[in-house]
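Some notes on the structure that comes next.
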Amino acid sequence: MAVTASEPTASKPVGRHRWRPRLAARILLRTVPVIFLIVLLTQGGLRWRDYQDQVRQLETRTEMIAELTAEALARPLWMLDRSIYAAQVKALEQDPAFLLGRILDASGREVLAIGAPPQQRALTISRDIISPQGEVIGSLELTMSREELRRAFNREILLTGLAFVILLAGFTLSVHYAVRDLVIRPLEQMLQAMAGVERKNWLHLGWERSDELGRAGRAFDKMVEGLRSGDEAKRLLAALEQTQKALVEKNQEIEAAHQQLTENLAYASRIQMALMPSAEDMERHFAEAALLWRPLQAVGGDHCWLLEQDGRYILFMADCTGHGVPGAFMTLIAAAALDEAVRQTEEMRPSALLHAVDRLVRQHLSKGANAGADDGLDAACCIYDPDHRQLHYAGANIPLLVQHGGQVEMIRATRGSLGYQSLLPPAAIRDHTIPVLEGMCFYLFTDGVPEQVGGPGVRPRLFGRQRLRAFLQEQRHRPLKDQAQALEAALADWRGEQAQRDDYAFLAFRAY
């Protein structure tokens, strides 16, 4: 958008006006502290609430352990069999949070103490020990540490703060450069042209852009022509000033709206990531695990959940209709359906959970304004039973890959999707029971992985399931996290210049 001269008649060159980018600085100074305070308070409140929930879970677990142990100690303590009740209290030391266990007789005198007095934040629960005849013969005091919860809380606060600072810095820089390039530089050109007009050097901007600045530039060019002919100069100048004022106000409104949209998407992405199983959760339940989640936009319709029920671990992966914000909302419906299905299903089988999710999603999407909506999901469910070392799997359009003995085998899913109003419910979803052997690895993935488009040659092709199996077989000797990173790099290399076209999720895990 170079400034061009139309019949320059001035005898002196046009002076340059330097307008430093104070406008961008003012916008940032007025908005960034408010954003920082809101997100800081929100994230701090969420972390504090999580910490309180974990403390309550510790209290509940401690009360349950104390209750069960007190019941188990009743007969040995009544019969004065120290070898039994001492061993039972000693077994409590296996709990990572255990600090001190004490048995007191009915008079409050200490009979047995295992552990050390707490030197840190601790929770103490006391339960009466009742003999087989119903008499209180003593009490059990169980002291558990809360220090690990506090350290985890501090780590989350630190990581949240660091992530926010990085996001805020990136947002600040992008807004600064956008305002400088889209607003300040054109205004500098306009001011330079206005300075030329003051010296009777009739300069034209010649802008072709269709936004507010373009209209202001065309109004300026008309003003120059009016000044040259001496007609309505004051009115045109006043109109230009009004246009500039309206332009600044409009850009402020646009910037505020863009900023709010960016914040909302970033915050929604953090919320959706928080619903994913964390690395700590996966490593606590499995010997090794890795998760890739790559939405097409900030949020997406692919998701993964990890639940624990009666000593068994439930892994659930879903590929919901759509991507972006609509897909993310569908994952919330799927999450609510999964939670309700786990609570309602008596026989904990993967196929039973998938049928329950199908029924509940149909119910949710047939209510009120959702009536007639034809949305749903593909899903896979794995239930790992560590006591019997068995993995139970069922899938609706999402298969399971099993790597053992140098081979990667595919267990095919039942054909059919869940929740769609236009489709009948799946007639029968097949359950598969797999004995978990040493070194065996399992992989779940949404169709966004094999349907990556690219490859060598002129005509783009799909990455495909067979190529995925061959890749995982080549990578079988590497740790699962390295396999996941290598897969992400391989998919990016396969796409080449092609853009990612869909969300994708990939989960790998190895049982203890």
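Each residue in F36, F329 was given a count of other beta-carbon atoms within 10 angstrom of its own, and listing them fewest first yields F36, F329. Straight-line cross-link partners of K245 among the aspartates and glutamates, defined as a Cα under 18 Å from its Cα and at least 8 positions apart when in the same chain: E188, D211, E212, D221, E253, E255. Could you tell me the distance between the Cα centroids of segment 436-508 and segment 186-212, to the nearest Å? Using only Cα atoms to place each centre, the spacing works out to 54 Å.
Expressed in nm to one decimal, what extension gain is obtained for the pair S210 and D374 from 0.36 nm per residue of sequence separation less their Cα-Cα distance?
Working: separation 164, 0.36 × 164 = 59.04 nm, distance 3.92 nm.
Result: 55.1 nm gained on full extension.
Place a point 7 Å from the Cα of L437 along the Cα-to-Cβ direction; which residues of segment 478-510 have their backbone N under 14 Å from it? The answer is none. Dipole check for segment 265-413: with +1 at the C-beta of Lys and Arg, -1 at the C-beta of Asp and Glu, and the Cα centre as origin, the magnitude is about 300 Debye. State the answer as a single residue: which of M64, Y443, A122 lies farthest towards the positive end of the charge dipole of the chain, with beta carbon charges of +1 for Lys and Arg and -1 for Asp and Glu, about the Cα centre. Of the candidates, Y443 comes out farthest on the positive side.
Its Cα centre serving as origin, the chain has a Cβ charge dipole (Lys and Arg +1, Asp and Glu -1) of approximately 2200 debye. In the chain, taking the dipole from charged Cβ atoms about the Cα centre, the farthest positive-side position among L291, T31, G44 is held by T31.
For the pair A256 and Q88, label points projected 7 Å from Cα toward Cβ lie 6.8 nm apart. When all alpha carbon pairs of segment 84-154 are counted in 10 Å bins from zero, the resulting P(r) reads 19, 46, 25, 8, 1 %. Length available on full extension from S174 to S126: 0.36 nm per residue minus the Cα-Cα distance, which gives 11.5 nm. Cβ crowding within 10 Å, taken as a proxy for footprinting-reagent exposure, orders I184, I429 from fewest neighbours to most as I184, I429. With both residues required to sit in the chain, DSSP beta bridges show an antiparallel share near 95%.
Send over the semi-axes of segment 276-510's equivalent ellipsoid, whole angstrom and largest first, taken as the square roots of 5 times the C-alpha gyration tensor eigenvalues. Write down the numbers at each step before the final one.
Values: eigenvalues 142, 113, 46 Å².
That gives 27, 24, 15 Å for the three semi-axes.
Relative contact order, whole percent, for segment 276-510 stands at 23, derived from Cα pairs under 8 Å and 6 or more residues apart.
Think of segment 171-305 as having a plus end and a minus end, set by charges on the Cβ of Lys, Arg, Asp and Glu; of G300, L265, H176, H176 sits farthest toward the positive end of this dipole. Neighbour counts of other Cβ atoms within 10 Å put H388, H176, H364 in the fewest-to-most order H388, H176, H364. Across segment 392-512, counting alpha-carbon atoms alone, Rg and Dmax equal 15.7, 46 Å. Computed over segment 322-418, the alpha-carbon pair-distance distribution with 5 angstrom bins reads 2, 12, 19, 22, 19, 12, 7, 4, 2, 1, 0, each value a whole percent. When +1 charges are put on Lys and Arg Cβ atoms and -1 charges on Asp and Glu Cβ atoms, the dipole computed for segment 276-510 relative to its Cα centre reaches about 640 debye.
What value, in deg cm²/dmol to 500, does the helix sum -39500 (n - 2.57) over DSSP H runs of n ≥ 4 give at 222 nm once divided by the residues of the chain?
Working: 11 runs with 244 residues, N = 512.
Taking each H run of at least 4 residues, the total per residue is -16500 deg cm²/dmol.
Which label marks the calculated value of P(r) over Cα pairs in 20 Å bins from 0, in percent, given the options (i) 23, 57, 20, 0; (ii) 21, 54, 23, 2; (iii) 17, 35, 29, 14, 5, 1? Working out P(r) over Cα pairs in 20 Å bins from 0, in percent from the coordinates points to (iii).
Every number here is computed from the coordinates shown, using simple stated rules; none is lab data. The structure displayed is predicted, hence computed values, not measured ones. Glycine also receives a Cβ, built like all others from the backbone with ideal geometry; neighbour counts cover every protein chain displayed.
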